[in-house]
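The values are calculated or read from the model by the stated rules, or taken from the named source; none is laboratory data. Keep in mind the model is a prediction, meaning the values are calculated, not measured. A quick note on method: Cβ atoms are made from the backbone with ideal geometry, for glycine too, and the neighbour counts reach across all protein chains shown. Protein only, heavy atoms only, side chains kept; ligands, DNA and RNA dropped before computing areas. Shrake-Rupley method; radii C 1.70, N 1.55, O 1.52, S 1.80 Å.
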Amino acid sequence: MTSTKRTHAATPVQASLFEDALPDTAQATLDDPSVPEVDPRQITIFSLFEDDEFPLPAVDSAVATATTDDAPAPAQAMTQTAAAPARLEDQFAALPTAWRDLLEPFIASDAFAPLCQFVDAERAAGKTVYPADVFRALRLTSPDDVKVVILGQDPYHGDDRGTPQAHGLAFSVPPGVRPPPSLRNMFKEIAASLGIEAPAHGCLDAWARQGVLLLNTVLTVERANAASHAKRGWERCTDTLIHELATRHQHLVFMLWGAHAQNKRALLGNGEHGVLEAPHPSPLSAHRGFLGCGHFVQANEYLEAHGRQPIDWRLPEVGEVLA
């Protein structure tokens, strides 16, 4: 397995207050729009705008609601309204066959039913659970097409002027939702290393369609209650997914940002993969090693060295929902 770290760090350093060894609930609030978006020590140009000076990203409604001709049709179970999402077991059943096969060890385990019962009971109790479409990341990218895996923690638990931030992809937000701080730092790194101007929106569907699996390790969360669905069974589900994906495929790039993601490295086994480690892109740690890490460049270099098409990290000018 190939591992790439910044040359000045022999091992990931995540031990201080300003890294990621924070309580899960504290770390999860970093992208909550209800708290200050930028730590005073990490002032950026984005912090210079008031809400009314930072307009919502422009969205072409026709584009945002359409799917491309080659996009897989959303599964029938996904056609529920936002007020009545499909049962979790039904969402598992509606997964593409390749992902269901890969997740079979978890589905057959004693953790599957309790997870489904927990999530469905939370919704039945009247709680708002994000996202409604739990497995959108898996429907956008098939296992055989995965080139890069970017691991997040749990979905955004907030909203932006009434629109939920979470929409099934780690770090991504729907068109019309302002990019949260961690995502803005990702765009800053791309701009610095590749000269690609940051988009006005934060919808990463275009990356997913090229083979970037944007995977949270916990796939649901209660509104305004960070990490509320942690340790309920999702970790066993996504651990299975990561391990099976790494075992069945070769020459993938895994971007592991922060201690939480780096703790998943053991799941990769001894496969031939590129592993890129850095602090988390949140405002509390981005300036301690994420900014300047060069991961987006290094990922493409690794892919090209193994005969694979690189990722075009540019995003369309207008956010597009592709599935």
Tabulated pairs, the stretch 239-261, first touching a residue at least 24 places away in the same chain (Cβ under 8 Å) and surrounded by fewer than 22 Cβ atoms within 10 Å (Cβ to Cβ), second in a helix (DSSP H, G or I) and hydroxyl-bearing (Ser, Thr, Tyr), C-beta under 8 angstrom, 6+ apart or interchain: HIS251/TYR302
Unmet requirement for ASP159, which otherwise passes all of (1) under 27 Å from PRO96 (Cβ atoms); (2) among the acidic types (Asp, Glu); (3) open to solvent by 30 Å² or more (accessible area, probe 1.4 Å): (1)
Where a residue in the stretch 191-205 is over 19 Å from GLY176 (Cβ atoms) and its partner, wherever it lies, is open to solvent by 60 Å² or more (accessible area, probe 1.4 Å) and basic (Lys, Arg), with Cβ under 6 Å and at least six apart: ILE196/ARG314
Subset of the stretch 205-216 that is not hydrophobic (A, V, I, L, M, F, W, C) and not in a loop (DSSP other than H, G, I, E, B) - its residue that is surrounded by the most Cβ atoms within 10 Å (Cβ to Cβ): ASP205
Enumeration of residues in the stretch 85-99 that are within 19 Å of LYS127 (Cβ to Cβ) and either among the hydrophobic types (A, V, I, L, M, F, W, C) or open to solvent by less than 10 Å² (accessible area, probe 1.4 Å) (or both): ALA86, LEU88, GLN91
Hits in the stretch 137-155 - residues which are in a loop (DSSP other than H, G, I, E, B) and either modelled with pLDDT under 95 or hydrophobic (A, V, I, L, M, F, W, C) (or both): VAL146
Tally, over the stretch 123-136, of residues that are assigned to a loop (DSSP other than H, G, I, E, B) and either open to solvent by less than 60 Å² (accessible area, probe 1.4 Å) or of a type outside the set (Gly, Ala, Ser) (or both): 7
Residue within the stretch 217-224 that is open to solvent by less than 10 Å² (accessible area, probe 1.4 Å) and among the small types (Gly, Ala, Ser) present: no
